[in-house]
Amino acid sequence: MAIAHEEITRVVPVVRTESIRATSAHRAGLLLAAAGWAALLLMWATSSAELFGHDQHGVPIPLALFFFLAGWSVMIAAMMLPSSLPALRRLDGDAAETMIAPGWTRFLSGYFLGWAAFGAAAYIGDAILHQLAHSLAWLEARPWLIGGGVAIFAGVAELIGRTPPPEFPVPTKPDARSFDLGKAHAIDRIRRCWPLMLFAMAVGMASAVWMVVLTLLMLLELRPKASWVLRLVGSALVGMGIAIIAHPAWAPILLGQG
């Protein structure tokens, strides 16, 4: 009996420790999202958001890409992490059931790595598009066509709609597979939101209004019952893109750059 009692006293503290640690993933997501918004507020207050944009003249490409990815990570934390909080909560729940720590640092590392890869690809694609625009005199003389075209593209994507999000995968070994789960979750979010993220990149972080609107849209993306709202937003984006192309002088106002 003494041995049995000793074994119980050894196990109980471990379970309590893991239960406490299992609540950290959701909390970490909340803190990172809040830190992202705090960084955005600081950028807006100091008018430094454009330094982290995709259109930097006279800056070496490696340095420009570094600053862009830094700003991109801030935008992902502020704009995308709120819509990923249910996944972090599910990670906590699975960890609580298995009594294994959720490995949230690995999950978020994989999550941000996935988004950084997409951001780098978008940056390279944007650079190629600008080189193409410089080589075509008619397009170089009409830069608003790019902004208007991206708005129309994002709007059409919302009109087409999204399939309901799948169940979050249940890890058999949370601490070992959290990094892969984070990447998988980022890829799923990219697959659903990449047109809007390209539009967010075109708008840039300098527009506080668009950052708030896009964050709300990312939250609505996960709600099947909000499909009519997304289609309404899609129609508005298409209309805005057409307005920009028809009236270029409206572009700075509509894109929040005026």
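Every number here is computed from the coordinates shown, using simple stated rules; none is lab data. Remember, it's a predicted structure, so these values are computed and weren't measured experimentally. Neighbour counts run over all protein chains shown; Cβ positions are idealised from the backbone, glycine included.
One Cα centroid belongs to region 189-219, the other to region 45-87; the line between them spans 12 Å. Using a basic spin-label model with each label point 7 Å from the Cα along Cα→Cβ, how many nm lie between Glu50 and Leu31? Result for the modelled spin labels: 3.5 nm.
Charges were assigned to the Cβ only: +1 to each Lys and Arg, -1 to each Asp and Glu. The resulting dipole of region 181-258 about its Cα centre is roughly 300 debye.
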